[in-house]
Amino acid sequence: MEFDNPLRPFLEGGGVVVLDGGFATELEARGCDIADSLWSAKMLLEDPDIIRTVHLDYLAVGADCIVSASYQATIEGFRKRGLSEFEALETIAASVRLAIDARESFWANDRNRGGRIRPLVAGSVGPYGAYLADGSEYDGRYGMSREQLVAFHRDRWLLLAESGADLLACETIPSSEEALALDDLLKETPDVVCWFSFSCKDVEHLHDGSRLEDVIAPLDESKQVVAVGVNCTPPSLIPGLIATVRRATEKPIVVYPNSGEKWDATTKTWSGIADPVDFGEAARDWYDLGARLVGGCCRTGPEHVRTVREALISRG
């Protein structure tokens, strides 16, 4: 079966897909209080307009793909907040509608085209650990079977599969069992394509201890998986991770690390690649090593994405 790969127009001739940056980071920069188990998904309930605005901001600085605010939006999480199952599903669906609306509004303005390809919308599929809201996406040892993880993800997956998103983004996956569970759901929706990006503790292992190459191997066989890589991982690990991913697959490699910043409780300061210019220079190196989808995750914002685009468009 042939699949319509939405990445193809961007990647032809050695091109690149510039992804957006940290969504929750930008919400906080705008004064949103997301210190909550729902995290950025809280704003789907409290202020949907700001979700749309942040999407527009990332498009304005050059993102070729924006990711819906459904990373931490789950049926179980919303039901704990008092929503019915129907209301929870409707809220998750709204996350994609907001992204699509932002994209269509942006693209309707001729001044925003300028030789660009119409941007994509990816529906975010966050890990089970995001629902737990205890940092488990950086651990992955859930104590759950593959079948239990399929059951947890199924209703949201099926909803996002029919949401109108151009593709799905299986993000920050820390567990081999969870990757297999999501691949099972992908096979249940044969018209859907997605990327997988993993949460890694070093250049060879997911946070649950699984070897990244072993986890990628079954995904490499699927034509529905259009890119594979890592996200929310320190930039210092990205070169080694790109090499590991390339040993396991010829699929396009996706990388969108966090800023690499670490909080120093003594000095009460952050340290790491906070400077967007440095992040853009690093992105050029990642491209040279083989990455073809590049963006940012936590502690990155629109200026990081702007510099990524400038660095990658001007390469050579």
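The values are calculated or read from the model by the stated rules, or taken from the named source; none is laboratory data. Source: prediction; values computed, not measured. All Cβ positions, even for glycine, are placed from backbone atoms using ideal geometry, and neighbour counts span all protein chains on display. Heads up: the accessible areas ignore ligands, DNA and RNA and are worked out on the full protein's heavy atoms, side chains in. Shrake-Rupley method; radii C 1.70, N 1.55, O 1.52, S 1.80 Å.
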Long-range amide H partners of residue 167, meaning residues 5 or more apart or on another chain whose placed amide H is closer than 5 Å, are 121, 123
Normalised Cα Rg of the chain, dividing by 2.2 N^0.38 Å with N its residue count, works out at 0.91
Assuming 1.306 mPa s and 10 °C, estimate D for the range 11-90 with Stokes-Einstein, Rh taken as the Kirkwood radius over Cα pairs, in µm²/s. 115 µm²/s
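On average, how much accessible surface per residue is there in the chain, in Å², for a 1.4 Å probe, leaving out ligands, DNA and RNA?
Working: 12980 Å² over 316 residues.
Counting only protein heavy atoms, the per-residue value for the chain is 41 Å².
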Measuring from its Cα centre, the chain shows a charge dipole (+1 at each Lys and Arg Cβ, -1 at each Asp and Glu Cβ) which, in debye to the nearest 20, is 540 debye
Leaving ligands, DNA and RNA out of it, report the carbon-plus-sulfur percent of the accessible area of the range 108-241 at a 1.4 Å probe. 45 percent
First select every other residue whose beta carbon is under 14 angstrom from the beta carbon of residue 208; then total the charges, Lys and Arg +1, Asp and Glu -1. -3
Work out from phi, with θ = phi - 60° and the Karplus expression 6.51 cos²θ - 1.76 cosθ + 1.60, the ³J(HN,Hα) of each residue of the range 203-212, listed in order in whole Hz, and give x for Gly and Pro. 7, 10, 10, 5, 5, 7, x, 5, 6, 4
Amide H proximity to residue 299 below 5 Å, modelled H, separation 5+ or other chain, gives 25
Taking 30-37, 150-157, 170-177 and ranking on average Cβ neighbours within 10 Å, highest first, one gets 170-177, 150-157, 30-37
Tell me which aspartates and glutamates have Cα within less than 13 Å of residue 223's Cα, excluding those fewer than 8 residues away on the same chain? 2, 4, 183, 191, 250
How large is ³J(HN,Hα), in whole Hz, for each residue of the range 26-39 in order, when computed from phi with the Karplus curve 6.51 cos²θ - 1.76 cosθ + 1.60 and θ = phi - 60°, using x for Gly and Pro? 6, 4, 5, 4, 8, x, 6, 8, 10, 6, 7, 5, 8, 6
Taking the square root of 5λ for each eigenvalue of the C-alpha gyration tensor of the range 161-313, the equivalent ellipsoid has semi-axes, largest first and in whole angstrom, of 27, 17, 15
Which FRET efficiency value, to the nearest 0.05, do you get for residue 145 and residue 49 by plugging their Cβ-Cβ distance into 1/(1 + (r/R0)^6) with R0 = 41 Å? 0.55
Using the Cβ atoms and a cut-off under 14 Å, what net charge is assigned to the surroundings of residue 75, where Lys and Arg are +1 and Asp and Glu are -1? 0
